[in-house]
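One structure below.
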Amino acid sequence: TIMTAPSLTIGTALLAFSPTLTLFFLIILPKPQLTILSVVAAFAYLLSAFGSSLIWLILNAIFQFSTNNNDDGSNSISSIGALLALTVPSVLIQCIVRMQFVKLYFGVEDVIRKSVAKHEAETTQANNNNSSTQEEHAETNALQLQLNDLSCSLASGTGYALLHTLFLFGTLLASESHEGSNYYGNLNTASGYYGGGGGSTGHGGTLYQYSCGGVMPSLTNGALVGMMFSILDVFWMMLTFFGMRRRLRSRRGGVAGGCGGGMLSFLREMTSFWKGIDDSTQGGNAALGLVIVSHLLASLVLAPNGTMEDGCKIALPSLAGVVVLVAVLFFRGVKGHFLPMDQRARIEELRLGEGGMMGSHHVE
């Protein structure tokens with residue numbers, strides 16, 4: 001086989017992007033508001049990637065991680081330092097960017113809701129005919145149904161995950177597609193041999209790498225990593241929505257929570273996600289803590305993928321375990337109360353109203 005077969009390229013690309021593209025085309029694309037939110041979330045990931053790269057360049061310039069290859073045992077220490085310098089700042093920056101993105105969305109959402117309420121009040125005053133007023137409110141009712149934390153967090157997580165997967169898998173795919181190697185004869189016979197070239201290291205491109213050469217092509221390895229991280233990105237964004245909504249609610253209600261109760265209390269709440277994630281400020285902090293801890297864990301379990309021969313045998317099952325763990329904690333923690341009370345009440349009210357008006361008009 002010379003370099004990458006088209007079937008491998010197409011198959012691995014579908015594997016990497018299938019979760020996010022399915023959500024995007026089936027749920028998000030038909031709704032313009034969610035599509036815009038998804039695009040903005042992708043830009044948020046771009047900002048977090050820029051910040052992470054900048055921090056890594058600074059730390060590498062100070063500690064010289066990439067050039068410290070001594071034979072006195074300090075290389076292993078340097079590798080651990082490089083791993084921590086890559087993962088810890090990246091996880092923290094991505095968490096901060098997610099939180100700021102959600103906070104910005106909440107501000108825009110508040111403006112939209114006030115505008116909708118003002119429009120409804122004006123149309124109610126201008127129209128004394130009840131049926132005409134209902135027709136005027138059909139569009140705003142549809143908007144109210146769409147602007148809820150479930151659909152918006154799903155759209156934001158999908159956009160964030162799409163660009164993240166593109167960075168994880170797309171760069172590997174581009175490297176493999178455009179860097180050729182020199183092969184002579186038929187590689188399936190004894191006379192065929194590799195003549196050098198290809199890849200950034202000159203060792204046959206990226207089709208097979210040291211970390212997974214005896215198990216699977218690196219494109220398959222990269223596609224699996226990209227796919228699992230895309231699923232995690234969606235969960236992390238949804239947990240961030242949940243956590244930030246509870247923190248915002250407590251601040252508006254004048255309830256002391258989070259950092260206001262002391263840093264020690266805040267950290268204790270963030271690490272209490274094992275006990276469950278309830279519908280409170282403490283539950284919101286626990287959700288954010290789950291995001292940070294699971295993201296750090298997901299990043300660290302990939303270490304064998306770059307440092308050990310056939311390390312993907314350890315990294316991929318470990319990453320899959322993190323995905324399952326986050327999914328279980330998410331569904332067990334927020335089941336029945338992911339949406340805040342006011343959104344649940346409003347959606348129920350609109351659905352009941354829509355059911356009563358099905359004979360006259362339909363709201364999509």
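Values as computed for the structure displayed
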{"quantity": "Three-way shape call for the stretch 263-304 based on the alpha-carbon gyration tensor, with the a/c threshold at 1.5", "calculated": "prolate"}
{"quantity": "Cα-based shape type of the stretch 1-66, given that a ≥ b ≥ c are square roots of the gyration tensor eigenvalues and the cut on a/c is 1.5", "calculated": "oblate"}
{"quantity": "Cα gyration tensor shape for the stretch 279-330, rounded if a/c is under 1.5, else prolate or oblate", "calculated": "oblate"}
{"quantity": "Additional length obtainable on full extension of the chain from Ser280 to Gln125, 0.36 nm per residue less Cα span", "calculated": "52.0 nm"}
{"quantity": "Accessible surface of Asp342 - all protein chains present, 1.4 Å probe, nearest 10 Å²", "calculated": "90 Å²"}
{"quantity": "Distance in nm between pseudo-label sites at Ala61 and Ser7 (7 Å out along the Cβ direction from Cα)", "calculated": "4.9 nm"}
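The values are calculated or read from the model by the stated rules, or taken from the named source; none is laboratory data. Not measured: the values here are computed from a predicted model. Quick reminder, even Gly has a Cβ in these numbers, built from the backbone with ideal geometry, and neighbours come from all protein chains shown. We work out accessible area using only protein heavy atoms, side chains counted, and drop any ligands, DNA or RNA first. Shrake-Rupley method; radii C 1.70, N 1.55, O 1.52, S 1.80 Å.
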